[in-house]
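A.B. asks: My questions will all concern the structure given below.
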Amino acid sequence: MIIYNVTSCIDIKVYQDWLDWMQKTHIPAMLNTGKFFNARMVRVLDDQDPDSITFSVQYYTSSKELLDRYYLEDAPRLRQESAALFADKILQFRTELEIISEH
């Protein structure tokens, strides 16, 4: 199983708009691609910057091949939608994680 993790540092002035958009629009759109079967959103609690709030969204997929298909077929459009709304108010980085074991 693969986790596609997107960490987003959001300007505090727009974070509530971003959070609403993520929960109502973006995360459902990601799941509707058919590449991911679950998503989890968490807030990073040890933020050091008082002007921003950091969140991590973890999208679960069954294989690297499906994630690669997401990159080719869906990522450009979905990333453009995000950039159009929050361009200079968000800093993001993405990480691919492979689950080795769960206890």
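A.B. asks: Within the stretch 1-40, how many residues are more than 21 Å from Glu65 (Cα to Cα), open to solvent by less than 20 Å² (accessible area, probe 1.4 Å) and among the hydrophobic types (A, V, I, L, M, F, W, C)?
C.D. replies: Of the residues in that region, 3 qualify.
A.B. asks: Separate question: Looking at the stretch 6-17, is at least one residue in contact with a Phe, Trp or Tyr (Cβ under 7 Å, 6 or more places away or on another chain), at pLDDT 95 or above and assigned to a loop (DSSP other than H, G, I, E, B)?
C.D. replies: yes
A.B. asks: Of all residues in the stretch 47-103 being assigned to a loop (DSSP other than H, G, I, E, B) and over 24 Å from Ile2 (Cβ atoms), which is most open to solvent (accessible area, probe 1.4 Å)?
C.D. replies: Across the stretch 47-103, the extreme among qualifying residues is Gln48.
A.B. asks: For the stretch 80-89, indicate whether the set of residues that are under 13 Å from the mean Cα position of the chain (by Cα), at pLDDT 95 or above and within 30 Å of Lys13 (Cβ to Cβ) is non-empty.
C.D. replies: Within the stretch 80-89 (the criterion being under 13 Å from the mean Cα position of the chain (by Cα), at pLDDT 95 or above and within 30 Å of Lys13 (Cβ to Cβ)), the answer is no, since none of the residues qualifies.
The values are calculated or read from the model by the stated rules, or taken from the named source; none is laboratory data. All of these numbers come straight from a predicted model, not from anything done at the bench. For neighbour counting, all protein chains shown are included, and Cβ atoms are generated from backbone atoms with ideal geometry for every residue, glycine included. What goes into the accessible areas is simple: the full protein's heavy atoms, side chains included, and nothing from ligands, DNA or RNA. Shrake-Rupley method; radii C 1.70, N 1.55, O 1.52, S 1.80 Å.
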